[in-house]
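To keep things clear, I will list the structure first and then write my remarks on it.
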Amino acid sequence: MNTPQPKTDLKNLTQEQLVGFVESLGQPAFRGRQLLAWIYKPGITDFAQMTDLAKEFRAILAETATMSRFDDAQVECSRDGAVKFAFRLEDGQLIESVLIPEEDRTTLCVSSQVGCAMGCDFCLTGTMGFIRNLTTAEIINQVCAVRDWALAHDRAPLTNLVFMGMGEPLANLAHLLDAIAILTEQRGLDFSNRRITVSTCGLVPQMQQLGDLTDVNLAVSLHAANDAVRGRLMPINKRYPLAQLIEACRTYRQKRRKRIMFEYTLLEGINDSDADAGQLADLLRGVPCKINLLAVNPAGNPAYKSPGQDRILRFQRILRDRGYTVFIRQSRGEDIAAACGQLAGKGWEETVAGKDGEVDGRADGCSEVSPLSP
Ligand code: SF4
């Protein structure tokens, strides 16, 4: 007896792969491009809706393929406007994405893994350990789901994507690259490369591959200006020490002609002194960059405390006096555990387990479990 072949999830496929897929079904290449445009149109959930494809082809697709999607999510809205989405995956794992509306843009912070193997000492996701990589479809479906939620609830459309959610994106490089191809494809989700930022804790070889294969922005989590402190905070520094990391940033920048964004979380008494600021200025000399300073969120590890505002401003001043562009980033969504370093996929279990998946569809879309579109 023949066991039926599992259906292909088309959300896992780039345009090129989709063309290969339709050709394997005896169809011409242009059908693959047509199909891609249908898959990413809002509201398309069924092959029957793809009215310019032949009926027979639609029937074959229904037999051989699926288009996965997240139907609902736990949606929590912060007082400061950030919105956190918790999505349940097919195997029961939870991932989170955070929407951050600002005056001139609306950014979605996207997850790339369940948990994270990198073990940064101040990060709650790191304490989960590594569970698994997300598939391309699971990365893409976060974007599609939040796009549809924003449309259905009269919110500003997504303009920017940052891979700064759960996980180290460059540790899931193959799926990340396919996801970027779909996100930037005009017939796909049509984001400009300029509006996509991938953040890494410093996986040097993968940074080089990302630079060779895409044109997206790079953010590097630095958090210390010398190997002794960085090695204590971020185990990855033992594999790729600062000299190697900064050299890789220079190369990335030379290829892309874009400024690198360095993220620096300030931890009281650990990396926030005047000397640390001076050392950071020396380290980044000659690297065209912007620096984001962020006070630590103690939810990740209560051993770390945030410096006072005066100290943060002084740290910024020292760097600015040395000619750097330095922003102080305000953490968003702290009241709903959506801020940097707070994502750990726990919200759904805590608030929904006793409620049997009850749907509470508030008009503003901020519900315990909310359908993503009507
Ligand atoms: S900061 Fe990023 S790389 Fe480090 S443990 Fe957390 S999720 Fe992983």
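The values are calculated or read from the model by the stated rules, or taken from the named source; none is laboratory data. What you see is a predicted model; the values in this text were computed from it and never measured. When we count neighbours, we look across all protein chains shown, and the Cβ atoms used for this are built from the backbone with ideal geometry, even at glycine. Protein only, heavy atoms only, side chains kept; ligands, DNA and RNA dropped before computing areas. Shrake-Rupley method; radii C 1.70, N 1.55, O 1.52, S 1.80 Å.
Each row is one residue, and each column tells you yes or no for (1) among the basic types (Lys, Arg); (2) modelled with pLDDT of 85 or more.
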{"residue": "LEU293", "(1), (2)": "no, yes"}
{"residue": "ARG311", "(1), (2)": "yes, yes"}
{"residue": "GLN316", "(1), (2)": "no, yes"}
{"residue": "LEU319", "(1), (2)": "no, yes"}
{"residue": "LEU343", "(1), (2)": "no, no"}
{"residue": "ALA353", "(1), (2)": "no, no"}
{"residue": "CYS366", "(1), (2)": "no, no"}
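Checked against (1) within 16 Å of the ligand (Cβ to nearest atom); (2) small (Gly, Ala, Ser); (3) modelled with pLDDT under 65, GLY347 passes all but condition (1).
Taking the stretch 90-105 only, how many residues are closer than 14 Å to GLY165 by Cβ and either in a loop (DSSP other than H, G, I, E, B) or small (Gly, Ala, Ser) (or both)?
2
When the stretch 288-326 is filtered for residues that are buried (at least 19 other Cβ atoms within 10 Å of the Cβ), in a loop (DSSP other than H, G, I, E, B) and over 22 Å from the mean Cα position of the chain (by Cα), the ones remaining, listed by number, are TYR304, PRO307, TYR324.
Test GLN244 against the criterion of being over 15 Å from SER221 (Cα atoms), modelled with pLDDT of 95 or more and open to solvent by 40 Å² or more (accessible area, probe 1.4 Å), and give yes or no. If you could, list the steps in order and put the result at the bottom.
Numbers: over 15 Å from SER221 (Cα atoms): no; modelled with pLDDT of 95 or more: yes; open to solvent by 40 Å² or more (accessible area, probe 1.4 Å): yes.
In short, no.
Scanning the stretch 106-139 for residues that are near the ligand (Cβ under 8 Å from one of its atoms), assigned to a loop (DSSP other than H, G, I, E, B) and either more than 30 Å from THR8 (Cα to Cα) or open to solvent by less than 30 Å² (accessible area, probe 1.4 Å) (or both) turns up CYS116, MET118, GLY119, CYS120, PHE122, CYS123.
If the condition is being of a type in the set (Phe, Trp, Tyr) and touching a residue at least 40 places away in the same chain (Cβ under 8 Å), then the stretch 283-330 contributes TYR304, PHE315, TYR324. No other residue among ALA224, ALA219 is in a loop (DSSP other than H, G, I, E, B) and within 16 Å of the ligand (Cβ to nearest atom) apart from ALA224.
Each residue in the stretch 148-174 was checked for being open to solvent by 30 Å² or more (accessible area, probe 1.4 Å), within 16 Å of the ligand (Cβ to nearest atom) and outside any loop (DSSP other than H, G, I, E, B), and 1 of them qualify.
Take the conditions (1) open to solvent by less than 10 Å² (accessible area, probe 1.4 Å); (2) of a type outside the set (A, V, I, L, M); (3) at pLDDT 95 or above; THR66 misses just one of them, which is (1).
Output the number of residues of the stretch 249-274 satisfying the condition of being open to solvent by 20 Å² or more (accessible area, probe 1.4 Å) and more than 16 Å from HIS223 (Cβ to Cβ). If you could, list the steps in order and put the result at the bottom.
From the stretch 249-274, those open to solvent by 20 Å² or more (accessible area, probe 1.4 Å) are 250-251, 253-259, 261, 268-270, 273-274; that's our starting set.
From what is left, the residues that are more than 16 Å from HIS223 (Cβ to Cβ) are 250-251, 253-259, 274.
Within the stretch 249-274, residues that are open to solvent by 20 Å² or more (accessible area, probe 1.4 Å) and more than 16 Å from HIS223 (Cβ to Cβ) number 10.
For the stretch 81-88, the criterion of being within 18 Å of LEU10 (Cβ to Cβ), basic (Lys, Arg) and either in contact with a helix residue (DSSP H, G or I) (Cβ under 6 Å, 6 or more places away or on another chain) or surrounded by fewer than 16 Cβ atoms within 10 Å (Cβ to Cβ) (or both) is met by none of the residues.
Within the stretch 123-150, residues that are assigned by TED's automatic domain parsing to the domain that holds ASN301 sit with their Cβ atoms under 7 Å from residues that are of a type in the set (Ser, Thr, Tyr) and open to solvent by 10 Å² or more (accessible area, probe 1.4 Å), at 6+ positions apart or across chains, in these pairs: ALA137/SER68; ASN141/SER68; ASP148/SER373; TRP149/SER373.
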